[in-house]
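Step one of this worksheet: look at the structure below.
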Amino acid sequence: MQIHVVRPGDSLWSISMLYGIPLKQLIQANEVPNPTNLVPGQALVIPIWGKFHWVQPGESLFDISRQYNIPISEIIRINRIINPYMLPVGFRLYIPPQPRVEVDIGAYIDPEITGKNSAQEVDKVGENLTFLSIFSYHVNSDGTLTPLMDEPSINAAYKNKVMPLMVLTNFAEGTFSTEIATAIFTNEALQDKVLDEAMKIMDQKGYKGLDFDFEYLGAENRQRYNQFLRKAADRVKKKGYFISSALAPKISKDQPGVLYEGHDYEAQGNIVDFIFFMTYEWGWSGSSPMAVAPIDKVREVMEYAVSVVPKNKIMMGIPLYGYDWTLPYIKGGQWAKSISPQQAVQLAAKYRVSIQYDTVSQSPYFNYVDEQGKVHEVWFEDARSIQAKFNLVKELGIRGFFYWVLGNDFPQNWLLIQDNFIIKKRV
């Protein structure tokens with residue numbers, strides 16, 4: 001497929017004519033939220049196999065073949081070029097699609113947020129998923145698990161041939177608790193209680209994997225967590241289930257900070273079947289404005305990960321959301337609002353501002369002034385930023401990638417999956 005970035009004066013009709021596709025198909029594929037008010041800088045995906053290239057001044061077939069990694073002879077054959085040395089500027093060439101890569105794709109869903117729409121959210125995108133991680137069963141300090149209304153999500157997963165994963169967390173009262181993790185990791189009886197209950201739920205509800213998302217553990221729990229995972233892996237694998245973990249984005253073994261010190265990439269790479277690397281939240285609701293998942297930062301984490309973890313165990317994280325900050329940013333002040341990519345485009349259309357694109361982070365952003373005269377800064381994901389992340393997945397040759405979190409509309413993302421990947425199904 002092809003990504004088209006809206007230019008001043010573009011309309012959906014002119015774009016449909018440019019690529020020779022029906023207007024209705026263009027609108028439906030992108031679920032365009034602003035069909036009569038396109039925004040300069042808005043990224044649309046053109047639903048065609050392959051893409052078109054318009055010859056630029058000074059460009060040769062050699063240049064074009066290198067750009068798309070396709071032989072000159074193939075470009076000549078497909079486009080029936082009579083004189084390859086006399087291509088006029090503006091001449092439209094068809095570039096055939098590149099081979100797709102087979103990957104695992106996962107996504108987290110939080111039924112406490114999606115509620116009665118949980119099954120619907122899975123149904124919308126289930127054809128593109130291998131795993132569904134259902135967030136989460138909270139582990140309590142006494143070893144019990146807080147119940148979760150997960151049946152609709154599990155049923156929808158199986159309906160779409162997606163493998164449901166049960167998620168355990170040390171989450172309590174809106175945050176991750178170091179104290180709860182320590183209580184469990186230092187008590188063998190509590191560990192057995194947690195695992196007994198988890199295995200019981202997995203058997204009863206049809207889960208096929210157990211995912212551990214224990215965060216803010218601190219250095220004191222690093223080895224304790226590894227040992228707990230070894231015990232869990234022994235029990236889970238005997239049942240024929242998968243075991244996975246979710247780890248914070250690190251760029252070195254001894255990276256300081258309570259979020260990082262308890263996560264051991266190399267050890268867990270030897271223990272679990274695969275790891276969900278949480279490569280997002282550089283820009284977060286309490287931070288100063290910046291990209292949520294800047295590609296340069298994501299690359300740093302992934303390059304460290306592949307140096308200590310087998311590539312077939314690495315799942316790279318991708319956000320399905322952005323943030324809207326109110327300026328000026330004050331540390332500890334008003335938190336940014338989480339928004340979907342579609343909502344971001346609607347905001348840009350509403351306030352008639354162009355969408356910019358940062359080439360370092362490979363992320364779109366814009367500023368606007370609201371009705372109260374307050375300045376806002378918005379960073380989000382679009383087709384360009386997603387394609388940059390897909391390119392990194394393919395370059396590194398890792399197992400696949402996953403999303404946090406379902407419930408945010410982003411149609412271009414799912415279109416590009418179909419263009420880049422073959423999704424493994426394990427159910």
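Values quoted throughout were computed directly from the atomic coordinates according to the rules given, and no laboratory measurement underlies them. Nothing here was measured: the structure is a model prediction, and the numbers come from that model. Cβ atoms come from the backbone with ideal geometry, glycine included; neighbour counts cover every protein chain shown.
Things to note:
- Computed over the stretch 292-373, Kirkwood Rh from alpha-carbon pairs, angstrom: 15.2 Å
- At 1.002 mPa s and 20 °C, Stokes diffusion of the stretch 353-403 via Kirkwood alpha-carbon radius, µm² per second: 167 µm²/s
- Diffusion coefficient, µm² s⁻¹, Stokes-Einstein with Kirkwood Rh over alpha-carbon pairs of the stretch 2-95 at 10 °C and 1.306 mPa s: 108 µm²/s
- Taking every alpha-carbon pair under 8 Å whose residues sit at least 6 apart, the stretch 2-95 reaches a relative contact order of 32 percent.
- One chain, two ends: Asn270 and Glu188. Fully extended at 0.36 nm per residue, the span grows by 27.3 nm beyond their Cα-Cα distance.
- Modelled this way, with points 7 Å down the Cα-to-C-beta line, the labels at Ile422 and Asn117 are 3.5 nm from one another.
- With each label modelled as a point 7 angstrom along the Cα→C-beta vector, the Ser73-Arg100 pair spans 2.8 nm.
- Using the Cβ-Cβ distance between Gln227 and Leu327 with R0 = 41 Å, the FRET efficiency computed as 1/(1 + (r/R0)^6) comes to roughly 0.30.
- Diffusion of the chain by Stokes-Einstein, at 10 °C in a medium of 1.306 mPa s and with Rh set to the Kirkwood radius over alpha-carbon pairs, works out to 68 µm²/s.
- For GluC sites (Glu not before Pro), the sites in the stretch 1-103 that DSSP calls loop and that have at most 16 other Cβ atoms within 10 Å are Glu31, Glu59.
- About the Cα centre, charge dipole magnitude for the chain (Lys/Arg +1, Asp/Glu -1 at Cβ), debye: 1360 debye
- Annotation note: trypsin sites (Lys or Arg not before Pro) in the stretch 66-161 located in DSSP loop regions with a Cβ neighbour count of at most 14 within 10 Å are Arg80, Arg100, Lys161.
- Share, in percent, of DSSP beta bridges within the chain that are antiparallel, nearest 5: 40 percent
- Each Lys or Arg adds one and each Asp or Glu takes one away; over the other residues whose Cβ falls under 13 Å from the Cβ of Pro111, this sums to -3.
- DSSP-assigned coil residues among GluC sites (Glu not before Pro) in the stretch 338-416, each with at most 14 further Cβ atoms within 10 Å: Glu371
- Between Val353, Val375, Val89, the residue with the greatest mean-square fluctuation in the GNM of the chain (Cα pairs under 10 Å linked by springs) is Val89.
- Computed from the C-beta positions of Ser252 and Asn312 and an R0 of 25 Å, the FRET efficiency is 0.65 to the nearest 0.05.
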